[in-house]
1. Sort through A83, A55 and tell me the only one that's hydrophobic (A, V, I, L, M, F, W, C) and surrounded by 12 or more Cβ atoms within 10 Å (Cβ to Cβ).
2. Which of the helices (runs of 4 or more DSSP H) contained wholly in segment 32-96 include at least 2 residues that are among the small types (G, A, S)?
3. Can you tell me how many residues within segment 75-106 are within 17 Å of the chain's Cα centre (by Cα), over 15 Å from C47 (Cβ atoms) and among the aliphatic types (A, V, I, L, M)?
4. Test T10 against the criterion of being exposed (fewer than 11 other Cβ atoms within 10 Å of the Cβ) and of a type in the set (V, I, T), and give yes or no.
5. Any chance segment 52-66 includes a residue that's modelled with pLDDT of 95 or more, hydroxyl-bearing (S, T, Y) and in contact with a Ser or Thr (Cβ under 9 Å, 6 or more places away or on another chain)?
Amino acid sequence: MKETDIDDQTRLELEAAAFRRLVEHFRERTDVQNIDLMNLSGFCRNCLSRWYMEAARDKGLDLDKEGAREIVYGMPYEDWRAAHQTEASDEKKAKFDEVMKEQGHT
């Protein structure tokens, strides 16, 4: 089967299922810090929540950053940070700065 063999509705359903599984995985893997995700893949939970917010706004929905983060994190962002976020090492911070620069973020 090729991508072109899948009708639009089925593709939408598969993509939604994959998104839900990704979010579930991120919620389960609280040991993986956002900075680790950024350093390895160039995106993190916050990126995913921003993309979700942007997609909602494209559809005319009034979803703010905190609301989108709660969808991705499964709880208010500040609660997640308090429960799971750890201080990043200087090495991780330097790598993060390098990744951000490569992506055109200053």
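The values are calculated or read from the model by the stated rules, or taken from the named source; none is laboratory data. Not measured: the values here are computed from a predicted model. Heads up, the Cβs are rebuilt from the backbone with ideal geometry, glycines too, and the neighbour counts pull from every protein chain shown.
1. Working: A83 fails: surrounded by 12 or more Cβ atoms within 10 Å (Cβ to Cβ).
Only one candidate passes the filter, namely A55.
2. Numbers: elements: 34-41, 45-58, 65-73, 77-84.
Where helices (runs of 4 or more DSSP H) fall fully within segment 32-96 and carry at least 2 residues being among the small types (G, A, S), they are 45-58, 65-73, 77-84.
3. So the count comes out to 1.
4. Values: exposed (fewer than 11 other Cβ atoms within 10 Å of the Cβ): yes; of a type in the set (V, I, T): yes.
When the stated conditions are applied, T10 passes them.
5. Step one: filter segment 52-66 for residues modelled with pLDDT of 95 or more, giving 52-66.
Going one step further and asking which of them are hydroxyl-bearing (S, T, Y), we end up with 52.
If we keep only those that are in contact with a Ser or Thr (Cβ under 9 Å, 6 or more places away or on another chain) too, we end up with none.
Looking for residues that are modelled with pLDDT of 95 or more, hydroxyl-bearing (S, T, Y) and in contact with a Ser or Thr (Cβ under 9 Å, 6 or more places away or on another chain), one finds none in segment 52-66, hence no.
The rows are residues; the columns are (1) exposed (fewer than 13 other Cβ atoms within 10 Å of the Cβ); (2) among the hydrophobic types (A, V, I, L, M, F, W, C); (3) touching a Leu at 6+ places or on another chain (Cβ under 8 Å).
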{"site": "D64", "(1), (2), (3)": "yes, no, no"}
{"site": "G74", "(1), (2), (3)": "no, no, no"}
{"site": "D79", "(1), (2), (3)": "yes, no, no"}
{"site": "E87", "(1), (2), (3)": "yes, no, no"}
{"site": "K95", "(1), (2), (3)": "no, no, no"}
{"site": "M100", "(1), (2), (3)": "no, yes, no"}
